[in-house]
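Enquirer: First the structure, then my questions, so here it is.
The values are calculated or read from the model by the stated rules, or taken from the named source; none is laboratory data. In this text the structure is predicted, and so the values were computed from the model without any measurement. Positions of Cβ are backbone-derived with ideal geometry, glycine not excepted, and every protein chain shown enters the neighbour counts. All accessible areas refer to the heavy atoms of the entire protein, side chains included, with ligands and DNA or RNA removed. Shrake-Rupley method; radii C 1.70, N 1.55, O 1.52, S 1.80 Å.
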Amino acid sequence: QVQLVESGGGLVQPGGSLRLSCAASGNIFSLMAWYRQAPGKQREVVAVITSGGITNYADSVKGRFTISRDNAKNTVYLQMNSLKPEDTAVYYCRVGNTGRWYDYWGQGIQVNVSS
């Protein structure tokens, strides 16, 4: 029932910036997150934000990426700065409430950082 519609993504040069958005249907979720998956690699969590604005980041993106949310729009964002080639992946958003993550994902947004 949850709909997650992602937008953004594209091709940028190393050092460039990109902003991803994920609009969720209906409810406010206690947790919203961004994951990514590169070819041949396991999907990994990139950043998580609570409904109260508490954030956590993967070590690989700390200081470069910022996750935020607009609860009025039920939308989560990922501002990606100082992009590196290793950031190249398909990015997915995910949501959850207290006690569980929902088995729903955004459709996936390709981010390519050229070298």
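Enquirer: Could you give the length gained on full extension between residue 71 and residue 112, defined as 0.36 nm per residue of separation minus the Cα-Cα distance, in nm?
Expert: Full extension of this stretch gives 11.9 nm more.
Enquirer: Follow-up. Just need the relative contact order of segment 1-102 here, percent rounded to a whole number, with Cα pairs under 8 Å and 6+ apart.
Expert: 34
Enquirer: Here's another thing I want to ask about it. Using a 1.4 angstrom probe on the protein heavy atoms only, could you order 6, 86 from most to least accessible area?
Expert: So, going from the largest accessible area down, we get 86, 6.
Enquirer: Let me check something: with ligands and nucleic acids excluded, how do 75, 88, 55 order by accessible area (1.4 Å probe), largest to smallest?
Expert: Listed by decreasing accessible area, they come as 55, 88, 75.
Enquirer: At 1.4 Å probe size, with no ligands or nucleic acids counted, give the accessible surface of residue 103 in Å², nearest ten.
Expert: 130
Enquirer: Tell me, what is the percent relative contact order of segment 1-60, built from C-alpha pairs under 8 Å that lie six or more residues apart?
Expert: Value for segment 1-60: 23 percent.
Enquirer: Which whole-Hz ³J(HN,Hα) couplings does segment 5-16 yield from phi under the Karplus relation 6.51 cos²θ - 1.76 cosθ + 1.60, θ = phi - 60°, glycine and proline marked x?
Expert: Listing the rounded values in order: 10, 9, 8, x, x, x, 10, 9, 7, x, x, x Hz.
Enquirer: Oh, and also: Tell me the net charge near residue 80. Cut-off is 13 Å between Cβ atoms, residue 80 excluded, with +1 for each Lys or Arg and -1 for each Asp or Glu.
Expert: Local charge sum for residue 80: +3.
Enquirer: Measure off, as a whole percent, the carbon and sulfur share of the 1.4 Å-probe accessible area of the chain, all protein chains present.
Expert: Carbon-and-sulfur percentage of accessible area, whole number: 47.
Enquirer: Here's something else I'd like to know. Taking θ = phi - 60°, what integer Hz values does the Karplus form 6.51 cos²θ - 1.76 cosθ + 1.60 yield along segment 38-52, in sequence order, with x for Gly and Pro?
Expert: For segment 38-52, the Karplus curve yields 8, x, x, 10, 6, 5, 10, 6, 9, 7, 9, 9, 8, 5, x Hz.
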